[in-house]
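A short worksheet on the structure shown next.
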Amino acid sequence: MTNAPAQTHATRIRAGRLYALFWRWHFITGFFAAPILAIVALTGAALVFQDELHPLIYPHLDLAAATETTVSLDAQLAAVQAAFPHDEVSSLTIYPPGSGRTTVAMLHVHNTGGDWLNPWNMAWAYVDPGTGDVVGSLTASQDIFEVVTTLHKSFFALLPGQLLVDLATSWGVISILAGLYLWWPRRASAVWGVWLPRLRGGIRLILRDLHTVPALYFTPIALVVSISGVLLGLSAAPELLAVLVSGQLPQELLFAPKSEPAPGLPPATLDSVVGGLGPHPAHAPYVVAIPHDANSSYMVWYAMHADPEQFRQAVVDQYSGEITVDYRPADIPLVGRLYYVLIFNEVLHRGTYWGLLGKVLTFLASLLVAGMCVTAVWLWWLRTGARRLGTPRVAPDIKAPRWASTTLIISVVLLPLAGLSWLALAALRRLATAARGRFARRFANRDSS
């Protein structure tokens with residue numbers, strides 16, 4: 001009986017120390033990620049409805065008279081090649097007949113120097129499928145959505161910028177997970193400040209609730225959008241390597257079989273290549289990668305950013321028109337299907353998997369993530385006046401519970417940049433502690449002498 005109050009007091013002390021530890025994780029990851037993550041979230045929100053807005057902003061390029069009869073794909077490709085003789089046609093995006101959309105040809109512009117990683121080296125030509133006429137073109141720098149996309153992915157800094165965005169997003173995921181623990185209700189009867197924001201009181205109280213409560217309801221969507229976004233970038237490399245090592249992913253999906261020219265055999269026509277593949281999903285466009293040398297093959301993707309069940313990836317010999325690769329997700333062994341998960345990250349990232357509702361939820365979640373970043377910086381400013389970092393203090397002997405450590409380990413494994421940065425910070429902290437100790441001992445010896 002007499003030990004109960006003491007035990008309760010000790011439990012409260014431990015809970016308080018644990019809360020401080022999670023706050024420290026939440027603060028450190030969120031503090032450094034917030035400025036970048038706010039811009040990434042806002043630009044992401046602007047891109048959610050790109051498919052709907054692009055035809056509204058560029059109707060003279062995207063829209064054409066709806067007709068069931070179309071000019072052959074070979075004639076459309078020839079029109080683009082004639083209009084842009086110094087550029088290379090990388091692919092054609094072909095919409096179903098009667099959709100009222102133009103055929104979109106992606107161009108690798110002539111002055112790129114072979115740099116395929118630079119997004120500014122791309123352009124798009126638009127062909128009216130009913131007449132076969134090129135109705136216009138856009139370079140990457142002229143397309144507002146491509147400008148926003150480049151800002152969203154890499155801050156116009158190519159590979160270093162993409163690494164920075166991936167790292168900030170990875171840290172943002174850890175910050176959100178730590179924030180969930182901070183939010184978790186300690187009292188079953190609590191409503192205000194937990195389930196509903198308090199809009200009366202001091203500015204810090206109001207900002208704290210606006211930072212926490214509204215975003216709570218969109219946390220699952222925010223996590224899906226953030227993690228799928230990270231796995232669209234370089235952070236997917238370890239997962240893809242694991243699939244390759246497992247041997248359950250057919251190598252021809254990544255390394256298409258070569259086409260061997262035969263003497264006297266002309267290349268297959270584009271129409272015969274597409275026709276030989278049979279019908280495609282009527283509601284979604286398909287993409288055909290055009291061979292760029294004598295040994296390349298045609299590559300065709302159906303429903304690449306639509307229904308995963310209708311996705312299809314095929315490779316067709318440039319000369320014979322023979323289908324050399326033809327896979328759907330169901331054709332791949334279980335572990336190898338992770339390859340398709342990585343492909344469909346964009347479907348999850350943009351919310352298109354759930355249709356219009358998914359896009360709306362993704363849009364709202366993106367705005368709320370940006371709002372959390374703004375309120376977080378505002379709260380930090382009110383607390384410290386920007387005179388110091390103000391990292392939350394923790395007890396030196398506090399240890400995270402096993403479930404928290406396991407969650408953190410899983411997070412840094414799935415998000416490799418977060419794991420590498422976490423190890424780097426731990427190493428720097430250890431080096432700083434050792435250096436501090438050496439300086440302290442040196443000054444102590446000097447004083448004693």
>> Which pairs turn up if I take residues in the stretch 246-270 that are outside the structural domain of residue 94 (by TED's automatic domain parsing) and look for partners that are in a loop (DSSP other than H, G, I, E, B) and of a type in the set (A, V, I, L, M, F, W, C) with beta carbon separation below 7 Å, at least 6 apart in sequence or on another chain?
In response: 249/332; 261/294
> From the set of residues in the stretch 316-374 that are assigned to a loop (DSSP other than H, G, I, E, B) and modelled with pLDDT under 80, which is nearest to residue 267 (Cα to Cα)?
Replying inline: 332
> Of the residues in the stretch 215-266, how many are modelled with pLDDT of 85 or more and not hydrophobic (A, V, I, L, M, F, W, C)?
Replying inline: 12
> Name the pairs whose Cβ atoms lie under 6 Å apart, with the first residue in the stretch 356-376 and hydroxyl-bearing (Ser, Thr, Tyr), the second in a helix (DSSP H, G or I), and 6 or more positions between them or separate chains?
Replying inline: 362/225; 366/41; 366/44; 366/45; 375/207; 375/210; 375/211
> residue 73: modelled with pLDDT of 90 or more and touching a Leu at 6+ places or on another chain (Cβ under 6 Å), yes or no?
Replying inline: yes
>> Suppose the filter is assigned to a helix (DSSP H, G or I), farther than 30 Å from residue 251 by Cα and without any contact (Cβ under 8 Å) to a residue 40 or more places away in the chain; does residue 387 pass it?
In response: no
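The values are calculated or read from the model by the stated rules, or taken from the named source; none is laboratory data. These figures come from a predicted structure and were not determined experimentally. Neighbour counts are summed over all protein chains in view; Cβ atoms, including those assigned to glycine, are modelled from backbone coordinates with ideal geometry.
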